[in-house]
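Q: Let me begin by handing over the structure; questions about it come next.
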Amino acid sequence: MLTLEMSEVFPIHSDSDIVAVRQVVRKRAVELGFRLVDQTKIVTGASELARNTLNYGGGGSCKLEILSNGARQAIRLTFEDHGPGIADIDQAMKDGFTTGGGLGLGLSGTKRLVNEFEIYSKPGEGTKVVITKWK
Amino acid sequence: MDRIPILKMGRILLVTIQVDMHDRMATMLQDDLTQRIVATRARGVLIDISSLEVVDSFIGRMIGNIAAMSSVLDAQTVVVGMRPAVAITLVELGLELPGVRTALNVESGMTIISSSLQSEESDADVGNE
Amino acid sequence: MPDSTRRLPAIIKSHSAQLFDSWIQLQLSAGGRNAALIKEAELRKQSQDFLTVFTNAVQSANLTNIEGPEWEPVRNNLAELSKSRARSGFTPSETAMFVFSLKQPLFSLLRTALTKEPEKLADETWETSLLIDKLGLFCVESFQKTREDIIARQQQELLELSTPVVELWDGVLALPLIGTLDSARTQVVMESLLQKIVETGSAIAIIDITGVPTVDTLVAQHLLKTVAAARLMGADCIISGIRPQIAQTIVHLGVELGSVTTKASLADAFSLALRQSGLAVVKREARSAESLTAKGK
């Protein structure tokens, strides 16, 4: 059974907002006692998704939640925007970082940095990506 | 807005990134460096990232771009001091840094560049004989 | 029976000294390992401290739910007690008996106070028994938790001890891996290698797997990721000691070694490392017997 211990929302409308998200995610990860490598992974993942939200989604928000399942705690980040959305999610997940032909959102790479990764998107309806890292 | 300082050491430009840069700052650094390479006819660019706790795809791409542009301008790029946690994360992310040489610290980075410049000169000497 | 009509609170409060005395007497006369593992003065202090917080908690309106805030001082007291008794070598049962042994003097007290109200006595005795049982069980669980924490810490220490990184020469590290590698251990080991690379400024790291009987895909991938990470940091890795079986597994699993340098033995790898560092091992000239005796004079 998951309990929600904390929830905060941050706007993503500029470059500095991406930096702010990185800094608060790191702060929470340190507070929860994540190992250094895991801290780096979740902050890097957050940076990637925040940037996508800004550059591809036209701006949006990041919700930071701290969850507990009794024995372990986790950080869950939800990135949401009301941008163009992604038509072919499977393809987007296959693309890397090169902006050559694909979207270059680096989603598959980000997925490898976290324990849980969910993405919801429809063309014209925006995109929502939820990542969770357990301590 | 603050700019990242670029130091000139002989024919090598040294950039030490110590802050969590926002994207615009990174882009400015890329432009500044390109201009300085041309202005000083530098043959080497040393990027010290030993203070960086996070290197994401944007910074990664910036580094790759700097390396590519330097190469066109006949300069070598060496990235030094990457932290273990950052290296592990970049490998997991699947981000590659093509055309970028790496070294453990500024000293070894300098050695790489100067020895390659020296061997260029001796090759040239041999050619002239 | 509603907590407000309970008689225990008042009875304990007015007979606290008597309760303490009879309880202590009981514990001391019970003998057993008590005498060997704990000094009388300490037993007295532990008992007094517990009785104090217990009596206070009992005065509250809550006499059934020991998880409630009114019982926090008692829970803390018992948690500390469990921890210290675990360290002294008591078993969980012995530690819980500390709490259970309070029943006898408590029931005597109740019997004397409620001698004219047999029904009330029966109810009160039952409810009090339930309360003490809960506290005793809490003791046991606390004890368990302490033991689990100690085991977790020892496991971590063992993991750290079994991953030695050796400095073979200036700038050359060796990581001799021994035994079967599992994913978790490999990750920890690899991270400590990378950390050592930074700390010693070594540009070459030899990962020797002579002592590793088998390698699965996950472990092979971790190894390759470590080599890639080291390269990004500016260091090169050489993998040595690949046994025939492991070589087969690697090919069979389709793991791409790519540009990773491999050597059959740690010695070959070291030799390569020295060459790459621009170093060579040179034989010194033999000293003649004359010059040796000349020095002796």
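A short reminder: the numbers here are calculations on the coordinates, not readings from a lab. Since we're looking at a predicted model, the values are computed, not measured. Reconstructed Cβ throughout: ideal geometry from the backbone, glycine too, with neighbour counts over all protein chains shown.
Q: For a label point 7 Å from the Cα of C:S271 along Cα→C-beta, name the residues of region C:213-238 whose backbone N is under 20 Å from it.
A: C:237-238
Q: Now, a different point. Read phi for every residue in region A:128-135 and hand back ³J(HN,Hα) as whole Hz from Karplus 6.51 cos²θ - 1.76 cosθ + 1.60, θ = phi - 60°, with x for Gly and Pro.
A: Calculated HN-Hα couplings, in order: 9, 10, 10, 10, 10, 10, 8, 7 Hz.
Q: Rg and Dmax in Å for the protein assembly as shown, alpha carbons only: what are they?
A: When restricted to Cα atoms, the protein assembly as shown yields Rg and Dmax of 33.7, 124 Å.
Q: Quick one: compute the contact order of region A:3-135, relative version, from alpha carbon pairs under 8 angstrom and 6+ residues apart, as a percent.
A: Reported relative contact order: 26 percent.
Q: Using Cα centres only, tell me the gap between region A:1-21 and region C:123-149 in whole Å.
A: Computed from Cα coordinates, the inter-centre distance equals 42 Å.
Q: Let me ask another. What is the set of long-range amide H partners of A:I12 at a cut-off below 5 Å, with H atoms built 1.01 Å from backbone N?
A: A:G60, A:S61, A:C62
Q: Further, regarding this structure: Taking H placed 1.01 Å from N in the peptide plane, check which residues at least 5 places from B:R101 or on another chain put their amide H under 5 Å from its amide H.
A: Under 5 Å from the amide H of B:R101 lie the amide H atoms of B:T77, B:V79, each far enough along the sequence or on another chain.
Q: Please find the FRET efficiency linking C:T210 to B:A124, where r is the Cβ-Cβ separation and R0 is fixed at 60 Å, and quote it to the nearest 0.05.
A: Calculated value: 0.80.
Q: I've got another one for you. What number does region C:113-185 give for Rg over Rh if you use C-alpha atoms and the Kirkwood radius?
A: Rg divided by Rh gives 1.56.
Q: Under a point spin-label approximation (7 Å from Cα along Cα-to-Cβ), what is the B:R36-C:T200 distance to one decimal in nm?
A: 3.4 nm
Q: About the Cα centre, and with charges only on the beta carbon of Lys, Arg (+1) and Asp, Glu (-1), how big is the dipole of the protein assembly as shown? Nearest 20 debye, please.
A: 1340 debye
Q: At a Förster radius of 30 Å, what calculated FRET efficiency corresponds to the Cβ-Cβ distance of A:M1 and A:K63, to the nearest 0.05?
A: Here the calculated transfer efficiency is 0.90.
Q: At 222 nm, what helix-only mean residue ellipticity would chain C give, in deg cm²/dmol to the nearest 500, using -39500 (n - 2.57) for each DSSP H run of four or more? It would help to have the intermediate numbers written out before the result.
A: On the way: 13 runs with 190 residues, N = 297.
Mean residue ellipticity, 222 nm, calculated: -21000 deg cm²/dmol.
Q: Name the residues whose placed amide hydrogens come within less than 5 Å of the amide hydrogen of C:T261, ignoring near sequence neighbours (fewer than 5 apart) on the same chain.
A: C:I239
Q: How do C:D149, C:D208 rank when sorted from fewest to most other Cβ atoms within 10 Å of their own Cβ?
A: Neighbour counts put them in this order, fewest first: C:D149, C:D208.
Q: Let me ask you something else. Arrange the following residues from fewest to most other Cβ atoms within 10 Å of their Cβ: B:L104, A:L105.
A: Starting with the residue having the fewest Cβ neighbours, the order is B:L104, A:L105.
Q: Based on the Cβ-Cβ distance of C:L137 and A:V24, what FRET efficiency does E = 1/(1 + (r/R0)^6) give at R0 = 45 Å, to the nearest 0.05? All intermediate terms of the calculation are to be shown ahead of the outcome.
A: Numbers: r = 42 Å, r/R0 = 0.93.
The formula returns an efficiency of 0.60 here.
Q: Residue by residue, what Karplus-based ³J(HN,Hα) values in Hz, rounded to whole numbers, does region C:249-260 have, using 6.51, -1.76 and 1.60 with θ = phi - 60° and x for Gly and Pro?
A: 4, 4, 5, 4, 6, x, 6, 8, 7, x, 9, 7
Q: Also, quick follow-up: How large is ³J(HN,Hα) for each residue in region A:29-34, as worked out from phi by the Karplus curve 6.51 cos²θ - 1.76 cosθ + 1.60 (θ = phi - 60°), to whole Hz, x for Gly and Pro?
A: 4, 5, 4, 7, x, 5
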